[in-house]
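Peer 1: Have a look at the structure that comes next, please.
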Amino acid sequence: MDYQFNNENKLRDFLLGNVSEDERATIEDRFLADEEFASQILVVEDELIESYLRNELTFSDKENFEKAFLAHPRRRERVLAVRGIIKAAKAEAIFKKEEKDSPSLLSSIFAFLRFENAFARYAFAFVALLFVLGGALLLLNRLNQKQDNQLANANTAQPTPQPSINPTLTPLPMPSPETSPTPSPSPVKIEPPEQTLATIILRPTIVRDPSQAQKLVLSSATKTARLQLNLERDDYKSYVVRITTVEGRSVWQGGPIYARKTGSGTKAVVVNLPTKLLSQDDYIIELSGVSEAGPIESFADYFFSVKRS
Amino acid sequence: MLKLLAEDREEAGLRYEQFRRRLVKFFEWRGSLTPEEHADETLNRTARKLVEGVVINDLSNFVGGVARRLIFEMLEQREREQKALGKLSEPVALIEIEDDDEQDPRLDCFRSCLNELPQDQRNLIIDYYREDEHKRIQQRKVLADKLGTPLNALRIRARRLRAQLDKCITNCMK
């Protein structure tokens, strides 16, 4: 089978898992053998991630993308990395625009000296004209004084002091450049959506006492519950989470999940659950670690209650 | 195995690294959670075959076959692990990417890594990613013209820069 892989749509289909096994094998073989082709697929992959983040994919492509990319920790990290770039790039673009609209004092002075605006040009022309006039007046004054001296010498009379014409050029006040405080970069303001996310931070517990359990309050608007399971030690490569009610009904399980550093510096395993899975009840989270060799061992329990408002 | 890649040892080493990186990606696409380990194991197994005297005419084809064998083993292992967890009522749940207000440490790392880039590279990555949909395509064409480079070369360059940032962010997060 010989495919023309100049068609990048075919490569997108491959990345989304929308090709036959034969086509997949052919693309993979060529990817391994051909460095240039490999670069091209990686570019298409990046742009596919970008399209997803910018909401440009069709519904079915979006579904396929989420299955292929978001369920896999490494690929999910890549999506988050691209998201970070897009956010930072937009923030930087806004900052640059603000700086252009409200320039700093120094940049205003430099702009003025480079005659970047009409005001600077007119001001310079006016000052130049004044210098020319001033020079002309000074010359005239000197000529007058010379004549006066000649007359005075001729009359030998006490020269009547003449008022001296001594135009002093008072420097014109320089038009002060626009001054404005250096704008501090204002972060891109993302309007917070309605409170659709509820977070609970949990520590491992030995005692399963409902009265001591931390409560997660969910309203009808809350769509996602974020469970942050703080780790006393991060000893495993990855983790598996299993959530049941205290009666033993299975609610959710998933993994592998990788520990991440929280804002406070502790390591935690974070799970985001659709709140439709959590009715008002008491829950146990069993956390298991996956070691390098592969075995899974349960090592911590977390306990929380859900209250519906 | 290096001799199969190139006569010159240094060039062979370079090609080995490029090949290994592609293998890592291959395993990632196939759902491996440890793609580097699988890539190394693939190359080790290939090297062992060479030592045993197997004649390999097409190295990439041979390695592809070894890699697929390893994927099969990986899937078998995964099935055993899932059975150990008990029967799953659902497949592994998707962890959604949502835009939340919580301070994401990844973003802090990103900003610091971006600032570490030389100015021209920093500007390139920002200009490349800042616009939305229709403007973005036009903006990238303009950027390519400004840099005097074909659009495709710009895409590849931007992708490499982003991969570089990835590494920096990963180190920052540790």
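The values are calculated or read from the model by the stated rules, or taken from the named source; none is laboratory data. All of these numbers come straight from a predicted model, not from anything done at the bench. Cβ placement follows ideal geometry from the backbone for every residue including glycine, while neighbour counts extend to all protein chains displayed.
Peer 1: Does at least one position in the range A:68-81 carry a residue that is within 24 Å of residue B:131 (Cβ to Cβ), more than 8 Å from every other protein chain (Cβ to nearest Cβ) and among the aliphatic types (A, V, I, L, M)? Quick ask: steps written out before the conclusion?
Peer 2: Quick first cut of the range A:68-81, residues within 24 Å of residue B:131 (Cβ to Cβ) only: A:69, A:78-81.
From what's left, more than 8 Å from every other protein chain (Cβ to nearest Cβ): A:69.
Narrowing the set further to residues that are among the aliphatic types (A, V, I, L, M) leaves none.
Taking every residue of the range A:68-81 in turn, none turns out to be within 24 Å of residue B:131 (Cβ to Cβ), more than 8 Å from every other protein chain (Cβ to nearest Cβ) and among the aliphatic types (A, V, I, L, M).
Peer 1: Looking at the range B:112-119, is at least one residue within 23 Å of residue A:52 (Cα to Cα) and assigned to a helix (DSSP H, G or I)? Show your work before the answer.
Peer 2: Here is the first cut: in the range B:112-119, the residues within 23 Å of residue A:52 (Cα to Cα) are B:114.
From what's left, assigned to a helix (DSSP H, G or I): B:114.
Looking for residues that are within 23 Å of residue A:52 (Cα to Cα) and assigned to a helix (DSSP H, G or I), one finds at least one in the range B:112-119, hence yes.
Peer 1: Residues to consider are A:222, A:205; find the one that is modelled with pLDDT of 85 or more, assigned to a loop (DSSP other than H, G, I, E, B) and either in contact with a Phe, Trp or Tyr (Cβ under 9 Å, 6 or more places away or on another chain) or not small (Gly, Ala, Ser) (or both). Reasoning before the result, please.
Peer 2: Numbers: A:205 fails: modelled with pLDDT of 85 or more.
From the options A:222, A:205, the qualifying one is A:222.
Peer 1: Tell me, please, whether a residue that is in contact with a Lys or Arg (Cβ under 8 Å, 6 or more places away or on another chain) and among the charged types (D, E, K, R) can be found in the range A:241-259.
Peer 2: So far as the range A:241-259 goes, no, none of its residues is in contact with a Lys or Arg (Cβ under 8 Å, 6 or more places away or on another chain) and among the charged types (D, E, K, R).
Peer 1: Now, a different point. When the residues of the range B:106-125 are narrowed to those that are within 8 Å of chain A (Cβ to nearest Cβ) and touching a residue at least 12 places away in the same chain (Cβ under 8 Å), which ends up farthest from residue A:85 (Cα to Cα)?
Peer 2: Kept after step one, since they are within 8 Å of chain A (Cβ to nearest Cβ), are these residues of the range B:106-125: B:106-107, B:110-111, B:114, B:125.
Within this subset, residues satisfying the condition of being touching a residue at least 12 places away in the same chain (Cβ under 8 Å) are B:106, B:110, B:114, B:125.
On the way: B:106: 11, B:110: 7, B:114: 9, B:125: 8 Å.
Going through the qualifying residues, I end up with B:106.
Peer 1: Kindly provide the set of residues from the range A:1-25 that are part of a helix (DSSP H, G or I) and closer than 14 Å to residue B:29 by Cα, ordered by number.
Peer 2: A:11, A:12, A:13, A:14, A:15, A:16, A:21, A:24, A:25
Peer 1: Working only within the range A:43-67, note down all residues that are more than 21 Å from residue A:258 (Cα to Cα), within 7 Å of chain B (Cβ to nearest Cβ) and out of contact with any helix residue (DSSP H, G or I) (no Cβ under 6 Å at 6 or more places or on another chain).
Peer 2: If the condition is that a residue be more than 21 Å from residue A:258 (Cα to Cα), within 7 Å of chain B (Cβ to nearest Cβ) and out of contact with any helix residue (DSSP H, G or I) (no Cβ under 6 Å at 6 or more places or on another chain), then A:54, A:56 are the ones that fit.
Peer 1: Identify all residues within the range B:11-46 that are small (Gly, Ala, Ser), within 16 Å of residue A:28 (Cβ to Cβ) and more than 8 Å from chain A (Cβ to nearest Cβ); write none if there are none.
Peer 2: Taking the range B:11-46 as the starting set, the residues that turn out to be small (Gly, Ala, Ser) are B:12-13, B:31-32, B:39.
Next, only the ones that are within 16 Å of residue A:28 (Cβ to Cβ) stay: B:31-32, B:39.
Residues satisfying the conditions are B:32, B:39.
Peer 1: Next question, about the same structure. Considering only residues that are of a type in the set (A, V, I, L, M) and either modelled with pLDDT of 80 or more or in contact with a His (Cβ under 8 Å, 6 or more places away or on another chain) (or both), which ones fall in the range A:66-79? Lay out the reasoning, then the answer.
Peer 2: The initial filter retains those residues of the range A:66-79 that are of a type in the set (A, V, I, L, M), namely A:68, A:70-71, A:79.
Once the filter is applied, which keeps residues that are of a type in the set (A, V, I, L, M) and either modelled with pLDDT of 80 or more or in contact with a His (Cβ under 8 Å, 6 or more places away or on another chain) (or both), the range A:66-79 yields A:68, A:70, A:79.
Peer 1: Tell me, which helices (runs of 4 or more DSSP H) lie completely within the range B:1-84 with 1 or more residues that are β-branched (Val, Ile, Thr)?
Peer 2: On the way: elements: B:2-5, B:9-29, B:35-51.
Answer list for the range B:1-84: B:9-29, B:35-51.
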